[in-house]
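What follows is a short report on a single structure.
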Amino acid sequence: MRWSLKLGRFLGVDVYIHATFLLLLAFVAISAGMDEGQSVPVALGFVVALFGCVILHEYGHALTARRYGIGTADITLYPIGGVARLERMPEKPGQELVVALAGPAVNLAIAAGLWLLLLLLARPAVSLSQMGLLEGPLLERLLGVNLSLALFNLLPAFPMDGGRVLRALLSLRMGRERATRMAASLGQSIALLFGLAGLFGQPMLLFIAFFVWIAAGQEAAAVTRRSLLDGITVRQAMLTDFRVLDAADSLDQAVALILAGSQQDFPVLEGQRLEGQPLDGQRVVGLLTRDQVIHALSKPEPRPAVGALMHRDLPDLGADLPLEEALGLIQARALLSVPILAEGRLVGLLTMDNVAELLMVRGTLRAGRGG
């Protein structure tokens, strides 16, 4: 992942740390070094332990989602928290409720474990009101932090955990799309309050407000998109009038096709071309994108043939596959187009531009019907 360092793979999930997190560690070390009352190793140890709890929080979501057959692409640690990138959220409200609550439940379990440990160590009891987050014994601070993480994440600011809990509960009484719009609107209202508080001495809340506002809007848009694509197959969205290239074609031939029309990406075929039937007798071996062509043109000659430049790792998409599922496979490979096959033959080209046109048309028709 860009700007991220891989920490490892644990329980089948890749864990990354974003490069900006290292800046946080540097900031903590410098701040502790300038404060005579603080120890740099202790300050760094607390931050590492804190974000270890954040990772466990995200694993709570990931492992619970796995119970429902939903995988997790990765977990990434940022200065403002962690993000578990689930392949999708459960569609059933009950399942989403359990997945959303799993993260805060992990923090509460950690807090309970630390409390029992403090009892075993015969530490004097400390009330919640006296429990500091920025100073004091390490175990008490970690206990307080985990309680704070659980409570903060349960705020109904969609798409935070509490917001997802709210959407799941609303979905029991109304459609998922309407429930998402309501939860997202509330989340953005809370983001505004975070932003106002951030202007008066809490700069971290400004970052949280920005994240919640953007993420809530994106989630609402994604759910609307899924509803517009419901029941639509790849065949209904793919292009059937498109150009192809042969693996042995030159880069100049690719440039000529780009300049001759609006097509940006081209399926690449290989094999014997039968006269009068240009797609029969050949197999799809890759996809040449406009970006690859431009990048190759910036290099000195001699330039390689199309077959040496193309993408070879393409998802195997059939024409009758649900469009929403196909889009997930395309986006996982960071592509904008992909060839579509039927019984081994090339029958179409699915492009993100064409999908956007389909969404616009269906959205306009829905609005016209008052839906």
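The values are calculated or read from the model by the stated rules, or taken from the named source; none is laboratory data. What you are looking at is a predicted structure, and each value in this text was computed from that prediction instead of being measured. Positions of Cβ are generated from backbone atoms using ideal geometry, with glycine treated the same way; all protein chains shown enter the neighbour counts.
If you check GLY201 against the conditions, is it of a type outside the set (S, T, N, Q), out of contact with any helix residue (DSSP H, G or I) (no Cβ under 9 Å at 6 or more places or on another chain) and free of Cβ contacts under 8 Å to residues at least 24 places away in the same chain? Quick ask: steps written out before the conclusion?
Numbers: of a type outside the set (S, T, N, Q): yes; out of contact with any helix residue (DSSP H, G or I) (no Cβ under 9 Å at 6 or more places or on another chain): yes; free of Cβ contacts under 8 Å to residues at least 24 places away in the same chain: yes.
So GLY201 passes the test.
Step by step: first the residues of the stretch 315-341, then only those that are under 20 Å from the mean Cα position of the chain (by Cα) and in a loop (DSSP other than H, G, I, E, B), then the one that is modelled with the lowest pLDDT. Which residue is that? Write out each step before concluding.
From the stretch 315-341, those under 20 Å from the mean Cα position of the chain (by Cα) are 315, 323-337; that's our starting set.
Adding the requirement that they be in a loop (DSSP other than H, G, I, E, B) leaves 315, 333-336.
Values: PRO315: 84, ARG333: 76, ALA334: 79, LEU335: 83, LEU336: 86.
Selected residue: ARG333.
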Inside the stretch 1-46, can you point out the residues that are in a strand (DSSP E or B) and either among the hydrophobic types (A, V, I, L, M, F, W, C) or at pLDDT below 70 (or both)? LEU5, LEU7, PHE10, VAL13, VAL15, ILE17
By residue number, the members of the stretch 198-251 that are charged (D, E, K, R) and more than 27 Å from the chain's Cα centre (by Cα) are ASP241, ARG243, ASP246, ASP249
The stretch 77-98, residues that are outside any strand (DSSP E or B) and either among the hydrophobic types (A, V, I, L, M, F, W, C) or under 16 Å from the mean Cα position of the chain (by Cα) (or both): ILE80, GLU87, ARG88, MET89, PRO90, LEU97, VAL98
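Looking only at the stretch 196-208, decide whether some residue is modelled with pLDDT of 85 or more and either part of a helix (DSSP H, G or I) or out of contact with any strand residue (DSSP E or B) (no Cβ under 7 Å at 6 or more places or on another chain) (or both).
Yes - at least one qualifying residue is present in the stretch 196-208.
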If we keep only residues of the stretch 196-246 that are closer than 24 Å to VAL284 by Cα and among the charged types (D, E, K, R), then the residue surrounded by the fewest Cβ atoms within 10 Å (Cβ to Cβ) is ASP241
Can you tell me which residue in the stretch 155-181 is modelled with the lowest pLDDT, limited to those that are buried (at least 21 other Cβ atoms within 10 Å of the Cβ) and part of a loop (DSSP other than H, G, I, E, B)? PRO159
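How many residues does the stretch 59-76 hold that are part of a helix (DSSP H, G or I), under 16 Å from the mean Cα position of the chain (by Cα) and touching a residue at least 40 places away in the same chain (Cβ under 8 Å)? Step through it out loud before you land on a result.
So in the stretch 59-76, the residues part of a helix (DSSP H, G or I) come out as 59-67.
From what's left, under 16 Å from the mean Cα position of the chain (by Cα): 59, 61-62, 65.
Going one step further and asking which of them are touching a residue at least 40 places away in the same chain (Cβ under 8 Å), we end up with 59, 61-62.
Summing the residues that are part of a helix (DSSP H, G or I), under 16 Å from the mean Cα position of the chain (by Cα) and touching a residue at least 40 places away in the same chain (Cβ under 8 Å) in the stretch 59-76 gives 3.
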